[in-house]
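Each remark here refers to the structure printed beneath this line.
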Amino acid sequence: MGGESPQKASLVPADALLAPAYAENRGEGGETHQIAGDGVATLTTQQGIPVADDQNSLRQGARGPALLEDHHFREKMFHFDHERIPERVVHARGYGAHGFFELTESLADVTRADVFQRVGERVPAFVRFSTVAGSKGSFDLARDVRGFAVKLYTQEGNWDLVGNNIPVFFIQDAIKFPDLIHAAKPEPDRAFPQAQTAHDNFWDFVGLTPESFHMIMWTMSDRAIPRSFRTMEGFGVHTFRLLNAKGKSTFVKFHWKPKQGLQSVVWNEAVKINGADPDFHRRDLWDAINSGDFPEWELGVQLFDDAFADTFDFDVLDATKLIPEELVPIRVVGRLVLDRVVDNFFAETEQVAFCTQNVPPGIDFTNDPLLQGRNFSYLDTQIKRLGGPNFTHIPINAPKCPMAHFQQDGHMAMRNPVGRVNYEPNSWGPTQGGPREDPARGFTTFAEVADGPKQRVRSESFADHYSQARQFYVSQAPIEQKHIGDALVFELSKVERADIRSRVVSHLLNIDRDLAANVADGLGLPLPKPAVAAREPIADLPPSSPLSIVGNGPDSFKGRKLGILVSDGADAAMFKGLVKAVTAEGAVYEVIAPKIGGATLSDGTKVAAKHKIDGGPSVLFDAVAVLVSDEGAAMLAGDAAAKDFVSDAFAHCKFIGIGACARPIFEAAGISEQLDDACLPLGKAADAAAFVSAARALRHWPRELKVDLDAVG
Ligand code: HDE
């Protein structure tokens, strides 16, 4: 008993020390009886040994030292200590879901890839969306590229199309990737800023890397702050090859087109969403799938041959260039549907290992120097992350088609080949000898002829850095152009060194003079001389309409979310009419109230609240309605969160439904004089449908020019 008091140990019975919740857990007094025996599984160790007590470690006497012999404690703590694996160097924050890919049009003429042969056939899919720069715990609405990585479990092996939501990239050669990412990530001495490119190092790298400017136009556009994973496009980015049964090659670019239409948020909104709900995108995907509103994308291909590649102004091997859809139209060949959330985030989303080199027979690489470098990096990174060469044994990474090979052993080998023979060639015959290569069925590489001196060079055909950047800019709606200018000013305003800011503007002058002038003005900077261009830009590439988000939005409010701010005594008929109209549209709504207990409407109906007003700011919704009683309006008019609710919705150009008694809140927020056509009355039943149908436009952009200091209208 050592130095402890024997009375204490013996006088107090062990169970009397139990916290009430523990007693309840063991079924000693509460309703939530969980002790084994009632069909509840018995808690065991990892070895399967039943556990009698998971609340107290083994000790010598009630107040004595812990004992090394406590194998349950040691195993539990050891496992906990090893719960983390290295996060991805890039794309650390991501969210995945399961679904399927269905072929809607055969591509048998151009590829022998099994997945593209039989119309109507489905293969399982797993998709992981991600941000690039932030770490695993960062917020969802960073201004950033989004990863759009698709794993298709085809009958001839896994095909990983590891793409982004932007069709071009910052750099042309993989050797610059570590520099790009170092520059974008938090600066190494201070370890900030997290998940943002608005700092000196990033813009320093960009200013010294003119090839990045096409991509910069995209990342400074609203593409980099999507409303949802469901409302973004995906792109394979590189030019790949398709090979048909005769070995004929066709170049291909892959596109995912969201059925939900394109949509983004605005920057001020993104900043506030990150505070209000850092999980905004993952929650959105989780909720949509669980409510049966399955996100869907069309798979489109741009197919072209060497002859087109030769006539194109740019090199199809250069990942900083795209092929406008007007030049090579998209052929839609399939659909991707996400219909199941993961059972366990770590097992699936964290452990999924995408590798660009995973392509089945019928799909092949090109010499794009970025793609070639990626094909090395992804396998290498998975070994570091997942700990060994057997990561394909993890269910999420395992193919769903037959596999037969002689690879064996290593860390965590789950299914070594069976039998005596683990090599080939061998003379053990067809039954014992194991698998054999199959020249007809197996993966073949396009027999491209390559010749030339070994050298470190960048092809001359990669030298134009500005023409497509300009084409992207002139393809944007005026409000989108304004957002690009605003984003550049915002980011560069966070850059401390004036020479870095100025150098960036010197490149913008090669893209669009007005843009450069606006940015220089926004920064209070004299206009510098244009940067020296490696090749004279083509100034008159025609606008390409698919490049705009605003021009490719949805034609309905379906899948969107209305926030309804209510108070006690709010007009019940109006509330119910609004709910009906929103539901009929295929949209959802959430109620915000002064108290989380909800509100009692004018007819006595009790409405549950999803958010208390402080926790449900309007940035979380696509449109808002304010349905309050006179007393409710008077009370909320004095509440800062309620005033923010309406003034933010207004500033973010949202459609606003204004109930008959709601005006005092708008007056208190100082916006009642500015209310416009997108602020609609909700006074009588018919107003509900009119409001929802107006909200199909998603945002009322003309308002922004009236409420923003930087407006250039
Ligand atoms: Fe990646 N990239 N990347 N990347 N990338 C990774 O692989 C890399 C690039 C992309 O949800 C890493 O498993 C190099 C372009 C996505 O798990 C790493 C280069 C595109 C994901 C890696 C690129 C992408 C990654 C980090 C320059 C769009 C997340 C962890 C040549 C077409 C996949 C990992 C997921 C992840 C390397 C450029 C997309 C380090 C060397 C271009 C969507 O291997």
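The values are calculated or read from the model by the stated rules, or taken from the named source; none is laboratory data. Note that the structure is predicted; figures quoted are calculated from it, not measured. Cβ placement follows ideal geometry from the backbone for every residue including glycine, while neighbour counts extend to all protein chains displayed. Please note that ligands, DNA and RNA were not included when accessible areas were found on the heavy atoms of the full protein model with its side chains. Shrake-Rupley method; radii C 1.70, N 1.55, O 1.52, S 1.80 Å.
Observations on the structure shown:
- Candidates are the residues of the range 514-534 that are buried (at least 18 other Cβ atoms within 10 Å of the Cβ) and aliphatic (A, V, I, L, M); the one that is farthest from the chain's Cα centre (by Cα) is ALA531.
- Hey, ALA62 within 16 Å of the ligand (Cβ to nearest atom) and either closer than 23 Å to CYS355 by Cβ or not polar (S, T, N, Q) (or both) or not: no
- When each of GLU31, GLU83 is tested for being open to solvent by 70 Å² or more (accessible area, probe 1.4 Å), assigned by TED's automatic domain parsing to the domain that holds VAL145 and either away from the ligand (no atom under 16 Å from the Cβ) or at pLDDT below 60 (or both), the lone residue that passes is GLU83.
- Filter result for VAL271 (more than 16 Å from the ligand (Cβ to nearest atom) and modelled with pLDDT of 95 or more): yes
- Inspection of the range 174-184 finds no residue satisfying the criterion of being away from the ligand (no atom under 13 Å from the Cβ), within 23 Å of GLU480 (Cα to Cα) and touching a helix residue (DSSP H, G or I) at 6+ places or on another chain (Cβ under 8 Å).
- Selection status of SER567, under 25 Å from the mean Cα position of the chain (by Cα) and not assigned by TED's automatic domain parsing to the domain that holds ARG282: no
Results for (1) closer than 19 Å to PHE100 by Cα; (2) surrounded by fewer than 21 Cβ atoms within 10 Å (Cβ to Cβ); (3) out of contact with any His (no Cβ under 9 Å at 6 or more places or on another chain), shown as yes or no for each residue.
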residue	(1), (2), (3)
ARG335	yes, yes, yes
ASN344	yes, yes, yes
GLU350	no, no, yes
GLN357	no, yes, yes
PRO360	yes, no, yes
LEU379	no, yes, yes
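- Hey, ASN164 within 18 Å of GLN382 (Cα to Cα), assigned by TED's automatic domain parsing to the domain that holds TRP256 and open to solvent by 10 Å² or more (accessible area, probe 1.4 Å) or not: no
- Test: ASN397 is within 13 Å of the ligand (Cβ to nearest atom), of a type outside the set (Ser, Thr, Tyr) and either open to solvent by less than 50 Å² (accessible area, probe 1.4 Å) or modelled with pLDDT of 95 or more (or both): yes
- Per this entry, ALA649 is not counted among residues that are part of a strand (DSSP E or B) and open to solvent by less than 50 Å² (accessible area, probe 1.4 Å).
Residues checked against (1) within 27 Å of PHE443 (Cβ to Cβ); (2) within 16 Å of the ligand (Cβ to nearest atom):
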{"site": "LYS259", "(1), (2)": "no, no"}
{"site": "ASP279", "(1), (2)": "no, no"}
{"site": "ASN290", "(1), (2)": "no, no"}
{"site": "PHE294", "(1), (2)": "no, no"}
{"site": "LEU299", "(1), (2)": "yes, yes"}
{"site": "ASP306", "(1), (2)": "yes, no"}
{"site": "THR311", "(1), (2)": "no, no"}
{"site": "PHE314", "(1), (2)": "no, no"}
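- Inter-residue pairs, beta-carbon under 6 Å, first free of Cβ contacts under 8 Å to residues at least 40 places away in the same chain and in the range 632-651, second open to solvent by 50 Å² or more (accessible area, probe 1.4 Å) and among the charged types (D, E, K, R), 6+ apart: ALA641/ASP614
- Subset tally (residues that are aromatic (Phe, Trp, Tyr) and either in a helix (DSSP H, G or I) or within 25 Å of the chain's Cα centre (by Cα) (or both)) for the range 376-435: 3
- Selection of the range 554-577 for residues being over 28 Å from HIS281 (Cα atoms) and open to solvent by 10 Å² or more (accessible area, probe 1.4 Å) yields ASP568, GLY569, ASP571, ALA573, LYS576, GLY577.
- Candidate set: the range 106-140, residues that are out of contact with any helix residue (DSSP H, G or I) (no Cβ under 9 Å at 6 or more places or on another chain) and charged (D, E, K, R); chosen: the one least open to solvent (accessible area, probe 1.4 Å): ASP114
- Of residues in the range 141-157 being more than 17 Å from the chain's Cα centre (by Cα) and open to solvent by less than 20 Å² (accessible area, probe 1.4 Å), the one nearest to the ligand (Cβ to nearest atom): LEU152
- Which numbered condition VAL206 fails, given (1) among the β-branched types (Val, Ile, Thr); (2) more than 11 Å from the ligand (Cβ to nearest atom); (3) open to solvent by 20 Å² or more (accessible area, probe 1.4 Å): (3)
- Some residue of the range 412-422 being open to solvent by 100 Å² or more (accessible area, probe 1.4 Å) and in contact (Cβ under 8 Å) with a residue 24 or more places away in the chain: yes
Residue-wise test of (1) within 16 Å of the ligand (Cβ to nearest atom); (2) of a type in the set (Gly, Ala, Ser).
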position: TRP267; (1), (2): no, no
position: LEU322; (1), (2): yes, no
position: GLY334; (1), (2): no, yes
position: ASP343; (1), (2): no, no
position: ALA353; (1), (2): yes, yes
position: GLY362; (1), (2): no, yes
position: ARG374; (1), (2): yes, no
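- A Cβ distance below 6 Å, combined with a sequence gap of six or more or placement on separate chains, defines the contacts here; from the range 522-539, residues that are over 22 Å from PHE490 (Cα atoms) reach residues that are surrounded by 13 or more Cβ atoms within 10 Å (Cβ to Cβ) in the pairs ALA533/ASN510; ALA534/ALA463; ARG535/ALA463; ARG535/ASP464; PRO537/TYR466; PRO537/SER467; PRO537/ASN510; ILE538/SER467.
- Residue match in the range 34-49 (condition: surrounded by fewer than 12 Cβ atoms within 10 Å (Cβ to Cβ) and within 16 Å of the ligand (Cβ to nearest atom)): no
- Of all residues in the range 667-700, those satisfying the criterion of being in contact (Cβ under 8 Å) with a residue 40 or more places away in the chain and closer than 15 Å to LEU565 by Cβ are LEU682, PHE691.
- Members of the range 491-505 found to be open to solvent by 10 Å² or more (accessible area, probe 1.4 Å) and either more than 14 Å from GLY524 (Cβ to Cβ) or among the polar types (S, T, N, Q) (or both), listed by number: SER493, LYS494, GLU496, ARG497, ASP499, SER502, ARG503
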